[in-house]
Amino acid sequence: MLAVVFGLQNNMPKVSILMPTYNGAKYIAGAIESVLVQSYKDWELLIIVDGSSDNTVEIVNEYVAGDSRIKLIINDVNLRLPKTLNKGLALAHGKFIARIDDDDKWVCVDKLERQINFLEDNIDYGLVGTDFIIVKDEGETTFKTKKTDIEIRNVILSYNPFCHSSIVFKNDQSHNFNYNENLVYTEDWDLWLRIGQYYKMANLDFSGVRYLLRNGMSKKNTKFRQIKYHARIIKKYFTKYPHGLVAIMKLINYAIFY
C-alpha cells in the first residue's frame, strides 16, 4: 500500500480540488482557509501528503474533523508531484478538477464560482485559469495572462500561459486527462497542451491566486533542465499548435543569452 485515505465518502461533488503537499506545515493552513471561504460550496478538497516528515498531517486532520468535504490522503513514500496528482485524480469524484498548491492562496471568494460558471456556460472550453499575483521577498507583482483561446494558442509553445494553482479543467478521462509521470517540471504544461487538442482554453480577467515564490524556487530547475523539458514540449506539439518556429528561436535565445 502506497497511500492511506481518510474521510472519503460516496458523495458526488461538482468540483474536486487537488492539493498535494510535501512538508507544507508552514503554509498549508492558509491555502485550506482560502478554499473554505469560497462562495462556491459544491466541492471536495483532496489533500495528498506525499511522504512528509513534518506535522502537516496533524494540521490537515484538524480541518478534516471540521469539514466532511476535506479528505486526507497519505502516501507512505514520496511519489513526487506527477504521481501524487494522478493519485488525486483517481480518487476525484468531481465533474471538474481544480488545483491549489499548499503555499498558495485563492484571493477572490468567488474565484471558483466564476470559473465553474464559465465552463458550464461554454461547453466547448475544457480549461480555464486566471491572472495571478506573484509574491516575493521584495513585494508583489500582478501577472496578466493571455485571455482568449487564440491568444493562448499563439504563445503556448513558447511558455506556459497558465498558473497551476489558478486552473479548473474538465475531468474528462475519455481523453486521458492525467499528468505525464515521466515529466518532472512540465507535467502541467503538457496536460494543458493535451486538453487544448480537444477543447478551447481561456484565462479570466481577474487575479485569482497569490503565488508564493520562495527563496531558491527559481533556481531549483537548472537551466539545462528547463531547456531539456521545454524542447520536449516543442517537439511533441510542434505540429499541433502555431508558432513552433518562434518557440524554438526563443528557446535558443534563452540558451545562449540568459
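The values are calculated or read from the model by the stated rules, or taken from the named source; none is laboratory data. If you're wondering where the values come from, they're calculated on a predicted model, not measured in any experiment. Cβ atoms come from the backbone with ideal geometry, glycine included; neighbour counts cover every protein chain shown.
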| message | Going through Tyr199, Tyr159 one at a time, which residue ends up being surrounded by 16 or more Cβ atoms within 10 Å (Cβ to Cβ), aromatic (Phe, Trp, Tyr) and either over 15 Å from the mean Cα position of the chain (by Cα) or over 19 Å from Asp101 (Cβ atoms) (or both)? | response | Tyr199
| query | Would you pick out the residues in the range 124-146 that are over 23 Å from Ser158 (Cα atoms) and in contact with a Phe, Trp or Tyr (Cβ under 9 Å, 6 or more places away or on another chain)? | reply | Asp124, Val135
| remark: Looking across the range 82-99 at residues that are under 14 Å from the mean Cα position of the chain (by Cα) and not in a helix (DSSP H, G or I), the single one that is nearest to Pro20 (Cα to Cα) is Arg99
| said: Can you find a residue that is touching a residue at least 40 places away in the same chain (Cβ under 8 Å) and either within 30 Å of Trp43 (Cβ to Cβ) or surrounded by fewer than 13 Cβ atoms within 10 Å (Cβ to Cβ) (or both) anywhere in the range 240-250? | reply: no
| note | Apart from one, (1) at pLDDT 95 or above; (2) loosely packed, with under 14 Cβ neighbours inside 10 Å all hold for Ser218; the odd one out is (1)
| field | Selected residue [assigned by TED's automatic domain parsing to the domain that holds Glu113 and under 17 Å from Leu85 (Cβ atoms)] from Asp205, Asp190 | value | Asp190
| query | When you look at Lys95, is it of a type in the set (Lys, Arg) and out of contact with any Phe, Trp or Tyr (no Cβ under 9 Å at 6 or more places or on another chain), yes or no? | reply | yes
| If you go through the range 62-76 one residue at a time, do you hit one that is acidic (Asp, Glu), touching a Gly at 6+ places or on another chain (Cβ under 8 Å) and assigned to a loop (DSSP other than H, G, I, E, B)? | yes
| Do we find that Asp190 is in contact with a helix residue (DSSP H, G or I) (Cβ under 9 Å, 6 or more places away or on another chain), among the acidic types (Asp, Glu) and crowded, with 16+ Cβ neighbours inside 10 Å in this structure? | yes
| task | Could you tell me which numbered condition Ile123 fails, if it satisfies all but one of (1) over 23 Å from Asp190 (Cβ atoms); (2) touching a strand residue (DSSP E or B) at 6+ places or on another chain (Cβ under 7 Å); (3) at pLDDT 95 or above? | result | (2)
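Scanning for something of a type in the set (Val, Ile, Thr), touching a Lys or Arg at 6+ places or on another chain (Cβ under 7 Å), surrounded by fewer than 18 Cβ atoms within 10 Å (Cβ to Cβ) and at pLDDT 95 or above, does the range 97-109 turn up at least one residue?
Yes - at least one qualifying residue is present in the range 97-109.
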